[in-house]
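Working notes, structure below.
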Amino acid sequence: MSRAHLFLFDEAPLRNVHALELLDAALVAAAFDLPTTLLFLGDGVLQLLPEVSPNLSQEKAMARQLAVLPEYGIEQVYACGRALDERQLAAASLVLSVIRLDPAEQTALFARQDVIIGS
């Protein structure tokens, strides 16, 4: 049986290329048919917004890569409900559909993972 991989995104967009590299790693894991789940926490939920400025290529790249998640079989994309609420982000404003988690659900998600990768 394949080991379940959870990728944690907890940094604001444009701080560095870490989020793009982490997303690339998630896509590689999924390409090798490893069970792959993404979780956006804290400022990381801002990664789920569409591009804000047309001149920011990193922002565009993140939005494009998030759009291909279903093609790689990544269907379990979660976001911290509290982080979304604190930043007043509605589901309709995000570039993809996510499953909102409360703290207890996040704990359960962590418990089901074999490998957790993040910053």
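The values are calculated or read from the model by the stated rules, or taken from the named source; none is laboratory data. Given the structure is predicted, the values throughout are model-derived calculations rather than measurements. Here Cβ is always computed from backbone atoms with ideal geometry, including for glycine, and neighbour counts include all displayed protein chains. Surface accessibility is based on the protein's heavy atoms, side chains included, excluding ligands, DNA and RNA. Shrake-Rupley method; radii C 1.70, N 1.55, O 1.52, S 1.80 Å.
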Residue among 46, 14, 20 that is modelled with pLDDT of 90 or more, of a type in the set (A, V, I, L, M) and surrounded by 13 or more Cβ atoms within 10 Å (Cβ to Cβ): 46
Single unsatisfied condition, residue 40 versus (1) of a type outside the set (S, T, N, Q); (2) at pLDDT 90 or above; (3) open to solvent by 40 Å² or more (accessible area, probe 1.4 Å): (3)
Enumeration of residues in the range 63-104 that are of a type in the set (Asp, Glu) and open to solvent by 80 Å² or more (accessible area, probe 1.4 Å): 71, 75, 85, 86
Selection count where residues are open to solvent by 50 Å² or more (accessible area, probe 1.4 Å) and either at pLDDT 95 or above or outside any helix (DSSP H, G or I) (or both), scope the range 49-62: 6
Selection count where residues are open to solvent by less than 10 Å² (accessible area, probe 1.4 Å) and under 20 Å from residue 63 (Cβ atoms), scope the range 1-11: 2
